[in-house]
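So the structure is just underneath, and the comments pick up after that.
The values are calculated or read from the model by the stated rules, or taken from the named source; none is laboratory data. Predicted model, so just to flag it, every value in this text is computed and none were measured. Here the Cβ positions follow ideal geometry from the backbone for every residue, glycine too, while neighbour counts run over all protein chains shown. In case anyone asks, the SASA skips ligands and DNA or RNA and just uses the protein heavy atoms, side chains included. Shrake-Rupley method; radii C 1.70, N 1.55, O 1.52, S 1.80 Å.
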Amino acid sequence: MRVLVTEQHVGHTSEPTLRDLSEELIAVYGTDFGIHSPTWISRFTDMARQAASYRKGRVLLAGDAAHVHYPAGGQGLNIGVQDAVNLGWKLAQVVKKTSPESLLDTYHTERHPVAAIVLRNTMAQVALLRTDDRTNALRETMSELLGMDEPRKRVAAMMSGLDIHYDLGEGHALFGRRMPDLDLVTPHGPLRVFTLLHDARPVLLNLDEPGGLDITPWADRVRLIDAKYLGIWELPVLGAVTAPTAVLIRPDGYVAWVGDRTPLGLPDALTTWFGPPTAA
Ligand SMILES: Cc1cc2nc3c(=O)[nH]c(=O)nc-3n(C[C@H](O)[C@H](O)[C@H](O)COP(=O)(O)OP(=O)(O)OC[C@H]3O[C@@H](n4cnc5c(N)ncnc54)[C@H](O)[C@@H]3O)c2cc1C
């Protein structure tokens, strides 16, 4: 059984107890239903706060230390884990001196806007929980909107984090977005894209002529895979997008470069994200 009560007053500083819960239940229902043996009691509020900066020198914030909000939509742990995944590989490359320290600044640039949107949508959901006539009217209006395909798709993609688009510049729709988990065909058999990410290493997927891309100066860091994909490229909200001939996938699953029959821009993207070329 899970019980949720709204306390009359905020600002408690002590841990909540079974007695607190029992008193709140009695205040509302006149009984605590004989409640006993809780496995977990916790207290949360609808506060919405975000750290102004996710990095100050060697101090980096991730998860609830960087952003807290009302739990509507179950988004907090999701974005906290994604913070860590965005930061982990960058931190490893800086520690190993593969990349300059400035790579760590992209952590704030990419992740701060994501939590800002979550704070905004959870604050909106808290407002919709009010029960006055005007809020009821607004909630019904929102329900009607969410009954339509396009608004529902957009809100679902926002709440699940599948619409995240890191602003890496102009380019193909995939650029800065999460790589879809495609079923690839390789000379060694079928292969799912996400299995390539299990090693948490960058992957360059060449979907054009095998052997058409040469990344020898980065071969110690980036895995090059020749494969084919025969299906439609589909992204959340955007739908079908033009098929690329190559994609550079970061260890966090986001696309750092998109090829269109030419390696134009590839060396720059490799250097930006995975450090300078190794001398032959
Ligand atoms: C009711 C509720 C329901 C939720 N449901 C969902 C959901 O369905 N989906 C979802 O994605 N998210 C959900 N969330 C949000 C999610 O629980 C949090 O976003 C997530 O737990 C944050 O993880 P964290 O590791 O960043 O922080 P925390 O889980 O707060 O972990 C921080 C840890 O650090 C410890 N600590 C603090 N200070 C110190 C110190 N000085 N020294 C050592 N240790 C310290 C703390 O004890 C704690 O264990 C929910 C939250 C609530 C309140």
For segment 183-274, rounded, prolate or oblate, judged on the Cα gyration tensor with a ≥ b ≥ c (square roots of eigenvalues), a/c < 1.5 rounded, else prolate if a/b > b/c? rounded
What fraction of the Cα pairs in the chain, stated in percent, has a spacing above 29 angstrom? 48 percent
Net charge over other residues, Cβ less than 15 angstrom from the Cβ of THR13 (K, R count +1; D, E count -1): -2
Rank by packing, highest mean first: peptides 217-228, 143-154, with packing defined as the count of other Cβ atoms within 10 Å averaged across residues. 217-228, 143-154
Along segment 159-167, what does the Karplus equation 6.51 cos²θ - 1.76 cosθ + 1.60 (θ = phi - 60°) give for ³J(HN,Hα), rounded to whole Hz, x for Gly and Pro? 5, 8, x, 7, 9, 4, 9, 6, 7
Enter the accessible area per residue of segment 49-159 (Å², integer; probe 1.4 Å; all protein chains in place). 60 Å²
CD proxy at 222 nm, helix term only [per DSSP H run n ≥ 4: -39500 (n - 2.57); per residue of the chain; nearest 500]: -10500 deg cm²/dmol
Which cross-chain or sequence-distant (5 or more) residues have an amide H under 5 Å from the amide H of LEU184, H modelled 1.01 Å from N in plane? LEU191, ARG192, VAL193
Sorting GLU140, GLU110 by accessible area (1.4 Å probe), largest first, what list results? GLU140, GLU110
Largest to smallest accessible area among TYR29, TYR229, TYR254 [probe 1.4 Å]: TYR29, TYR229, TYR254
Determine Rg/Rh for segment 6-75; Rg is computed over alpha-carbon atoms and Rh is the Kirkwood hydrodynamic estimate from the same atoms. 1.12
Segment 49-159: relative contact order from alpha carbon pairs under 8 Å, six or more residues apart, as a whole percent, is 26 percent
By how many nm would the segment from ASP167 to LEU191 lengthen if fully extended, with 0.36 nm per residue of separation less the alpha-carbon distance? 5.7 nm
The chain: angle of helix 18-29 to the longest principal axis, Cα-based, in degrees nearest 10: 70 degrees
Using only C-alpha atoms and all pairs of different ones, pull out the Kirkwood radius for segment 1-160 in Å with one decimal. 18.9 Å
Highest-first arrangement of 42-52, 63-73, 120-130, where packing means the average Cβ count within 10 Å: 63-73, 120-130, 42-52
Given an 8 Å cut-off on Cα distances and at least 6 residues of separation, report the relative contact order of segment 149-228 as a percent. 21 percent
5 angstrom amide H check on LEU204, placed H, neighbours 5+ away: ARG223, LEU224, ILE225, ILE249
If you add up the charges near ALA173, with Lys and Arg at +1 and Asp and Glu at -1, over every other residue whose beta carbon is less than 14 angstrom from its beta carbon, what do you get? -3
Cα-Cα pairs in segment 143-237 separated by more than 20 Å, as a whole percent of all pairs, come to 52 percent
Between beta-carbons, use under 13 Å as the cut-off and find the net charge around GLY76, counting Lys and Arg +1, Asp and Glu -1. -2
Please compute the Kirkwood hydrodynamic radius over segment 220-277, one decimal place, Å, based on all pairs of different Cα atoms. 12.8 Å
In whole percent, how big is the carbon plus sulfur part of the accessible area of the chain, probe 1.4 Å, protein atoms only? 57 percent
Per residue, how large is the accessible surface of segment 183-274? Use a 1.4 angstrom probe and give square angstrom. 51 Å²
